[in-house]
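One structure is given below, encoded as structure tokens.
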Amino acid sequence: MAASVLEPRVLICLGVLLTHCVTIDPAVAAAAAKPPRVGLEFPARSSALFAERNFPGRSGGQDHPHSVGVGSRRDCTGLRRGSEIVFIGEVHENITLHCGTVSGRRAVVTWYRNDSEPVFLLSSRSSLLPSMPRFSLANGSSLHISALSRQDEGNYTCWEGLHESRWFRVRLQVASGPYKVEVSISTTGTLPNGTLYVAKGSQVDFSCRSSSWPPPMVEWWFQSPDSKSEPFGNNLTVSRFTLLLMSQNLQGNYTCLAMNKLSGRHRKLTTELLVYSPPSSPLQCWAEMPPGQLMLQLTCRWDGGYPDPNLLWTEEPGNVITGTSRSGVEMLNQSQLSDGKKFKCIGSHILGPESGASCMVQIRSPSILSEPMKACFVGGNVTLTCQVSGAYPQAKVLWLRNLTQPEVVIQPSSHYLITENGQSTSLTIQNCSRHLDEGYYVCRAENPVGMREVNVWLNVKEEEVVEEEENAAAVEMEEADEREEWPKEISKHGRIHRVTALVNRDIDRMEDGFQALQDDSSEPQSDITQEIGPI
């Protein structure tokens, strides 16, 4: 039976069988539509209607299971806190508030919002429309609220009238967020891909915040490469901390996690942070010839930094880029080389200096020097030496035989011993043989810039021949000494035939001439006496 507030007397019936009815004034009926705040007194004639306000945990009520419900695309149960049940929902989600703990359809159920003043929301009586379209009755007694907002948070009261009137108080808490996590890391640079980096030894400030209601709990976690995550600590509203003297072991992923403790919802943001360091050594560059290849390898190194620097080779003058590699190694063939050409390596690092660093190399073809002739005795040893200078990169030196096969390289063996001392190379021939070893030897020095050769003649002598030649040489030396003495004795007469006799070793004529020289010693000397002719 419906109740009309336009009649002077209103009949409100309680119960499905209309067995409990009372007649009250319209003012009392209006009061029934607005339940009083706790402690409000009622007229005595309405005591049948408001005889008892039953809340969970009091007489006439029932305890509710201890559980928490989060309004996230589903209805919720509540958490009993003292004399009220607490429901938790999220902004923009839907939630259903239960009236007491008994499910199923009931007689008359009315819902109110009572914060500072009680406000009617909806009733199971069809004649009373909901105060807002977002409010609806679910299962005949539960209050269903769609599209929750922060303004929906507050205290709700459910009035149930059956054989007796009962009141159930419900509290709704509305959580929002976290919607966005904001991370700030100071003293950083940014790579093209968005990764952050800091300089080794610097001080770095970290902060994280998120928009949420209630304010979120913010946590920081750190994970270095090949290790597990570890927490830095947490704070209820904002998390800030500072790391002093950044080192390589602090490079890794920093995660800020913001959690809404009311709803349990959380968001996190992970930021990779790299710790860079500039090169600690000077820039070095050099040129060399790779083993087995007649090419020029330019190498440039700038050690001690992280990440590796960019290294670029240029040809000078003109600053012409040589190749496309940025690793500091370039390979050039002989067509790109000439004696005296210069190459410059330019190094740059992400941490500076802005001007970078550079070094230069100048390539040179070799010069070669050696004795043109060497000699050895049969069965003896001899060493041929070849001195190379001016070559850059260092030249490769080879010994060859200039016989029918001049390109055959002499290899070290029991007969040939090759030693190197810097750019000086020696070939020692052991147990010399006139048949095998006499002749020309070639010393060849070659690098990618150029090649030079020099020939060395080796004379192999027999012992007897050498002795005869040495004796003849000694005789010649004695005769030469004698020739120096005799002309002084005969210079006053100028007798050429006597000197000739001496040179030809004619002992008899030498004695005659010597006698004649004595006979003529008393004669006057002529100024010039010269006789030229056959003897």
Exercise for review: Considering only protein heavy atoms, with the full assembly of protein chains and a 1.4 angstrom probe, order His92, His349, His98, His266 by accessible area, largest first.
Suggested key: His92, His266, His98, His349
Check your understanding: So for the pair Glu479, Phe241, with labels modelled 7 Å out along Cα→Cβ, what separation do we get in nm?
Key -> 10.8 nm
Point to revise | Area accessible to solvent at Lys261, 1.4 Å probe radius, in Å² | key: 130 Å²
Revision key, fill the gap. Residues of segment 272-313 with backbone N under 16 Å of the label point set 7 Å from the Cα of Ser202 along Cα→Cβ are 272-279, 306-307
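Give me the compactness ratio for segment 160-294, meaning the Cα radius of gyration over 2.2 N^0.38 Å.
Here the Cα radius of gyration is 1.78 times the empirical estimate.
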Review point. With all protein chains present, how much of the accessible area of segment 109-161 (probe radius 1.4 Å) comes from carbon and sulfur, to the nearest whole percent?
Key: 55 percent
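With every protein chain kept in place and ligands, DNA and RNA left out, what is the accessible area per residue of segment 88-187? Probe 1.4 Å, answer in Å². The partial results should precede the final answer.
Values: 4290 Å² over 100 residues.
Per residue, segment 88-187 has 43 Å² of solvent-accessible surface.
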Check your understanding: Simple spin-label model, 7 Å along Cα-to-Cβ: Glu453 to Ser281 in nm?
Key -> 4.1 nm
Review point. Could you give the nm distance between label points at Ala138 and Ala375, where each point is 7 Å from its Cα heading toward the beta carbon?
Key: 12.2 nm
Practice item. Report the full-extension gain for the segment Asn234 to Asn249: residue separation times 0.36 nm, less the Cα-Cα distance, to one decimal in nm. Key: 3.2 nm
Review point. Sorted by accessible area with a 1.4 angstrom probe, largest first, how do Thr242, Thr195 fall?
Key: Thr242, Thr195
Review point. With every protein chain present, what accessible area does Phe135 have (1.4 Å probe, heavy atoms only), rounded to the nearest 10 Å²?
Key: 10 Å²
Point to revise | Average accessible surface area per residue within segment 244-358, 1.4 Å rolling probe, Å² | key: 54 Å²
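Ordering Trp302, Trp221, Trp313 by how much accessible area each has at a 1.4 Å probe, largest first, what is the list? The partial results should precede the final answer.
On the way: Trp302 25, Trp221 90, Trp313 0 Å².
From most exposed to least exposed: Trp221, Trp302, Trp313.
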Point to revise | Integer Hz, Karplus 6.51/-1.76/1.60 couplings in order for segment 261-266, x for Gly and Pro | key: 5, 7, 9, x, 6, 9
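The values are calculated or read from the model by the stated rules, or taken from the named source; none is laboratory data. In this text the structure is predicted, and so the values were computed from the model without any measurement. Glycine gets a Cβ as well: all are built from the backbone with ideal geometry, and neighbour counts include every protein chain shown. What goes into the accessible areas is simple: the full protein's heavy atoms, side chains included, and nothing from ligands, DNA or RNA. Shrake-Rupley method; radii C 1.70, N 1.55, O 1.52, S 1.80 Å.
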